[in-house]
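Reading through the structure tokens given below for one structure.
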Amino acid sequence: MCNWSAAFIEEGLEEGLEKGMEKGMEKGIKALVQENLDENISKNRILEKLQHYFQLDAEAAEAYYQKYAM
């Protein structure tokens with residue numbers, strides 16, 4: 001029973017860490033898009049930065065841009 005508990009706890013920790021990293025990435029992407037828009041950086045340059053800094057493909061970068069460009 002101890003092994004089951006340890007595996008369950010480890011799985012929960014891994015899941016929590018993954019969710020935390022995803023939230024952090026979302027916050028970083030949002031900040032990058034909004035900051036660059038505030039600085040009048042072109043959409044194409046913002047998309048390039050998203051792809052470079054967050055290792056996104058073109059489609060994902062466009063989706064995040066659309067989500068956070070206000």
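Within segment 1-58, count every residue that is under 22 Å from Ala69 (Cα atoms), within 14 Å of the chain's Cα centre (by Cα) and of a type in the set (Lys, Arg).
Summing the residues that are under 22 Å from Ala69 (Cα atoms), within 14 Å of the chain's Cα centre (by Cα) and of a type in the set (Lys, Arg) in segment 1-58 gives 4.
Any idea how many residues of segment 33-60 are open to solvent by less than 100 Å² (accessible area, probe 1.4 Å) and among the polar types (S, T, N, Q)?
Qualifying residue count for the region: 4.
Inspect segment 18-40 for any residue being among the small types (Gly, Ala, Ser) and touching a residue at least 24 places away in the same chain (Cβ under 8 Å) and give the result as yes or no.
yes
Assuming Lys30 fulfils every condition listed in (1) open to solvent by less than 60 Å² (accessible area, probe 1.4 Å); (2) touching a helix residue (DSSP H, G or I) at 6+ places or on another chain (Cβ under 6 Å) apart from one, which condition is it?
Evaluating Lys30 over (1) open to solvent by less than 60 Å² (accessible area, probe 1.4 Å); (2) touching a helix residue (DSSP H, G or I) at 6+ places or on another chain (Cβ under 6 Å) leaves (1) as the failure.
The values are calculated or read from the model by the stated rules, or taken from the named source; none is laboratory data. On a predicted model such as this, the values are computed, not experimentally measured, just so you know. All Cβ positions, glycine included, derive from the backbone under ideal geometry; neighbour counts span all protein chains shown. Accessible surface areas use protein heavy atoms only, side chains included; no ligands, DNA or RNA. Shrake-Rupley method; radii C 1.70, N 1.55, O 1.52, S 1.80 Å.
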